[in-house]
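All remarks here apply to the structure that follows.
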Amino acid sequence: MRASDLLHPRPEGLYCPPGDFFIDPVRPVDRALITHGHSDHARSGHRSVLATQQTLDIMGLRYGEGFAGTTQAAALGETIALNDVTVTFHPAGHVLGSAQIEVVHQGTCIVASGDYKRQRDATCEPFEPVKCDVFITEATFGLPVFRHPHDTEEIARLLKSTAQFPERAHLVGAYALGKAQRVMRLLRDAGYDRPIYIHGALAKLSDYYQGQGIDLGTLEPATVESGGKGDFIGAVIVGPPSAFADRWARRFPDPISCFASGWMRIRQRAKQGGVELPLIISDHSDWDELTATIKETGAEEIWVTHGREEALVRWCELEGIAARPLHLVGYEDEGD
Ligand SMILES: [Zn+2]
């Protein structure tokens, strides 16, 4: 069978006719397989959802317990039959619970990787390369200009700034699922042992991470009700990027605005956003990770999705690997 008969785009998302399921559908469907909990991949309202237990838990925290008709947990490495198709979830290294989905039918193997990264992250299982015929890769940072520095270097810059400006608060913008917890964990690994103050929007997910054995240390709510402005002198405060534009952010003493994102590689973008201390920390692969991963899978065909498809397709062609863009719509990752 042709690979495109096993998986192909539909308006709802990537569809598998012989298995009768969608991967990360953007509209409600009967059967959804979900790679990870970011809101553009994991939506509520499906009749049944198959995902890792952590992704199911995260969806429950974000949408409430009735987020799907029925749910089924897929253990990493466990092979599950859906009609004539088998699927296996493998770690993707993107956020807690994230998985690539291997789809096999009549000897053809496609791996839909969802979002992934290769840099080590203590808050989730590391990416596991899977040999396949077709590898579906994201391309969020699919341009050679995107090369992420090591995350420990970026955290060292943040800590250096807190030492240099001990009277100021450091306000770190980080996405609520994954990035925020990774930044906190990196601070702990760098020896930062003061309480970290968090915006209310991060509380449930951060508690969940701690419950899953990912130690984030002492977290305190960043609310004025819990103290005066003076309490935040020299503090590190983590909140979702959206909170930085509102009144919440103005309660802190002379704050230094920081933002942890792969997009911070682009100076202009940091400047426009009023970010004084850009931290290049991404939960997506950079150019070198994308190209190395493509080679590692041994796939003879690459399908490229959400992001800068053209450059990666061109790179594959120059390497003698067949490639094409998938043109899926509706993915604007919240966890860059
Ligand atoms: Zn994501």
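Considering only residues that are in contact (Cβ under 8 Å) with a residue 60 or more places away in the chain and not in a strand (DSSP E or B), look in the stretch 271-282 and name the one that is farthest from C132 (Cα to Cα). Spell out the reasoning first.
Of all residues in the stretch 271-282, those in contact (Cβ under 8 Å) with a residue 60 or more places away in the chain come to 275, 277, 279-282.
Keeping just the survivors that are not in a strand (DSSP E or B) gives 275, 280-282.
On the way: V275: 41, I280: 31, I281: 29, S282: 26 Å.
Taking the candidates together, the pick is V275.
Whenever a residue of the stretch 175-188 is of a type in the set (V, I, T), its partners that are not in a loop (DSSP other than H, G, I, E, B), lying with C-beta atoms within less than 7 angstrom and at least six residues away or across chains, give the pairs V183/V172; V183/V238; V183/A260.
Scanning the stretch 312-327 for residues that are surrounded by fewer than 18 Cβ atoms within 10 Å (Cβ to Cβ) and part of a helix (DSSP H, G or I) yields R314, E317, L318. Here the stretch 218-258 is the region considered, the condition is being loosely packed, with under 12 Cβ neighbours inside 10 Å and closer than 11 Å to Y197 by Cβ, and the residue that is nearest to the chain's Cα centre (by Cα) is T218. If you go through the stretch 246-270 and keep only what is of a type in the set (G, A, S), in contact (Cβ under 8 Å) with a residue 12 or more places away in the chain and outside any loop (DSSP other than H, G, I, E, B), you end up with A249, S257, A260, G262. Here is the figure for the stretch 142-168: residues that are surrounded by fewer than 17 Cβ atoms within 10 Å (Cβ to Cβ), of a type in the set (D, E, K, R) and part of a helix (DSSP H, G or I) total 3. Every condition in (1) free of Cβ contacts under 8 Å to residues at least 60 places away in the same chain; (2) within 16 Å of the ligand (Cβ to nearest atom); (3) surrounded by fewer than 23 Cβ atoms within 10 Å (Cβ to Cβ) is met by T70 except one, and the failing one is (2). When S261 is tested against (1) in contact with an Asp or Glu (Cβ under 9 Å, 6 or more places away or on another chain); (2) open to solvent by 10 Å² or more (accessible area, probe 1.4 Å), only condition (2) is not met.
Can you say whether S48 is more than 24 Å from C132 (Cβ to Cβ) and more than 16 Å from the ligand (Cβ to nearest atom), as far as the supplied structure shows?
On the way: more than 24 Å from C132 (Cβ to Cβ): yes; more than 16 Å from the ligand (Cβ to nearest atom): yes.
Yes.
When the residues of the stretch 283-311 are narrowed to those that are β-branched (V, I, T) and part of a strand (DSSP E or B), which ends up nearest to L202 (Cα to Cα)?
Residues of the stretch 283-311 β-branched (V, I, T): 291, 293-294, 297, 302, 304-305.
Pick out the ones that are also part of a strand (DSSP E or B) and you get 302, 304-305.
Details: I302: 36, V304: 31, T305: 29 Å.
Of everything passing the filter in the stretch 283-311, T305 is nearest to L202 (Cα to Cα).
Looking only at residues of the stretch 277-292 that are more than 16 Å from the ligand (Cβ to nearest atom) and in contact with a strand residue (DSSP E or B) (Cβ under 7 Å, 6 or more places away or on another chain), we find that the one that is farthest from V95 (Cα to Cα) is L277.
If you take the residues of the stretch 57-67 that are out of contact with any Gly (no Cβ under 8 Å at 6 or more places or on another chain) and assigned to a helix (DSSP H, G or I), which of them is least open to solvent (accessible area, probe 1.4 Å)? Don't jump to the end; show me each part of the working.
At the first step, the residues of the stretch 57-67 found to be out of contact with any Gly (no Cβ under 8 Å at 6 or more places or on another chain) are 60-61, 63-66.
So of that shortlist, the ones also assigned to a helix (DSSP H, G or I) come out as 60-61, 63.
Numbers: G60: 9, L61: 52, Y63: 82 Å².
Out of the qualifying residues, it is G60.
Given the criteria hydrophobic (A, V, I, L, M, F, W, C) and either crowded, with 23+ Cβ neighbours inside 10 Å or at pLDDT below 95 (or both), does A174 qualify? Here the answer is yes, as A174 does meet what is asked. Just one of the numbered conditions (1) in contact with a Leu (Cβ under 7 Å, 6 or more places away or on another chain); (2) more than 16 Å from the ligand (Cβ to nearest atom); (3) closer than 30 Å to L186 by Cα is not true of I58; which one? Here I58 clears every test but (2). Tell me yes or no: at least one residue of the stretch 206-217 is crowded, with 23+ Cβ neighbours inside 10 Å, of a type in the set (A, V, I, L, M, F, W, C) and touching a residue at least 12 places away in the same chain (Cβ under 8 Å). No - not one qualifying residue is present in the stretch 206-217.
The values are calculated or read from the model by the stated rules, or taken from the named source; none is laboratory data. Only a predicted model underlies this, so the values are computations on that prediction, with no experimental measurement involved. No Cβ is skipped: glycine too gets one built from the backbone with ideal geometry, and neighbour counts run over all protein chains shown. Calculation scope for accessible area: heavy atoms of the full protein, side chains included, ligands and nucleic acids excluded. Shrake-Rupley method; radii C 1.70, N 1.55, O 1.52, S 1.80 Å.
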